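Peer 1: For reference, the structure I am asking about is given below.
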Amino acid sequence: MADRSDREARRQANFAAAQQTSALPPSVADLRLAGGLELGEDEFVVRTAKDWGSSISSLVLTTTRLICPSDLTGRTQVSIPLTDVRDVQLRKHWVGFPTIVIERADQPPASFPAHINGARIRADISAMVESARGPAGPALSVVTPPPTGSDRYERLRQIGELRASGVLSETEFQEEKARILKES
C-alpha cells in the first residue's frame with residue numbers, strides 16, 4: 001500500500017511538469033491500458049479512443065507514447081515512443097475508410113482506421129510528437145545555388161507536363177517558360 005501511495009505522490013509531482021511541457025492537456029488519472037501495459041510515473045494520458053469518438057479500444061495517446069493497432073486488422077497493438085515517430089499521415093482512399101499511418105524510425109509503419117475525426121486524431125498525435133521532440137533549435141538558413149542548365153530543362157519539362165494536364169493555362173505556361181529561360 002505504501003508503494004502505491006509513493007507512486008501516486010511521484011506522479012503528482014511529475015504532473016505539474018507535464019502540464020507545462022505537453023502540447024495538449026494531460027490527465028492525472030491512472031488509466032489501465034490494454035495488453036498489460038502500464039503508465040510510467042512521468043507519463044500521463046492525453047487522449048483516448050473515447051475522446052476522439054473512435055471504436056478502437058487500444059488507441060491511447062500519452063505524453064510519451066502512442067499505443068495503437070499495428071495494422072488495419074487491429075489484432076495486435078504497438079507502443080510507439082513519440083520520439084520515434086517520423087510522420088503522421090491521414091490517408092483518404094477513394095473506396096473505404098480513411099486511415100492514420102504512423103511512420104516510425106527503423107520499424108514498419110503502423111496504421112489504423114479513422115472512420116471519424118481522422119483529421120483531429122492526426123493533428124493531436126502530430127502536436128504531441130512535436131512536443132516530445134522538445135524546442136526546435138535555431139532555424140538554419142539554406143543558400144540555394146543558382147540553377148544549372150540541366151535544372152532549367154527539368155523545370156521546363158515539368159511546366160510542359162502541367163500545361164498538358166490542364167493545371168497551367170497556355171498564358172501561364174508561356175509566362176513561366178519566359179521566366180525560366182531568362183534565368184542565367
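The values are calculated or read from the model by the stated rules, or taken from the named source; none is laboratory data. Note that the structure is a prediction, hence the values are computed from the model and not measured. So basically every Cβ, Gly included, is an ideal-geometry build from the backbone, and we count neighbours across all protein chains shown. Just the protein is used for accessible areas: all its heavy atoms, side chains included, with ligands, DNA and RNA removed. Shrake-Rupley method; radii C 1.70, N 1.55, O 1.52, S 1.80 Å.
Peer 1: Note the full-extension length gain between Ala105 and Asp30 as 0.36 nm times their separation in residues minus their Cα-Cα distance, in nm to one decimal.
Peer 2: Here the segment from Ala105 to Asp30 would lengthen by 24.2 nm.
Peer 1: Next question, about the same structure. Calculate for the chain the 222 nm mean residue ellipticity that helices alone would give, adding -39,500 (n - 2.57) per DSSP H run of length 4 or more and normalising by residue count, nearest 500 deg cm²/dmol.
Peer 2: Result for the chain: -12500 deg cm²/dmol, rounded to the nearest 500.
Peer 1: While we're here: Run down the lysines and flag those whose C-alpha is under 21 Å from the C-alpha of Lys50, throwing out any fewer than 8 positions away in its chain.
Peer 2: none
Peer 1: Describe numerically, in nm with one decimal, the distance between label points set 7 Å from Cα along Cα→Cβ at His93 and at Ala16.
Peer 2: Between His93 and Ala16, the label points sit 4.9 nm apart.
Peer 1: Here's another thing I want to ask about it. Carbon and sulfur: what percent of the chain's accessible surface (1.4 Å probe)?
Peer 2: C and S atoms contribute 54 percent here.
Peer 1: Per residue, how many Å² of accessible area does the stretch 1-87 show with a 1.4 Å probe?
Peer 2: 57
Peer 1: Residue by residue through the stretch 154-167, which ³J(HN,Hα) values in whole Hz follow from phi under the Karplus form 6.51 cos²θ - 1.76 cosθ + 1.60 (θ = phi - 60°), with glycine and proline marked x?
Peer 2: After applying 6.51 cos²θ - 1.76 cosθ + 1.60, I find 5, 5, 5, 4, 5, 5, x, 5, 5, 5, 4, 7, x, 5 Hz.
Peer 1: Please determine, in degrees from 0 to 90 and to the nearest 10, the orientation of helix 170-182 with respect to the longest principal axis defined by the Cα atoms of the chain, where the helix direction is its Cα long axis.
Peer 2: The answer is roughly 80 degrees.
Peer 1: Right, something else. Keeping every protein chain in place, order Thr73, Thr48 by accessible area at 1.4 Å, biggest value first, i.e. largest first.
Peer 2: Correct descending sequence by accessible area is Thr73, Thr48.
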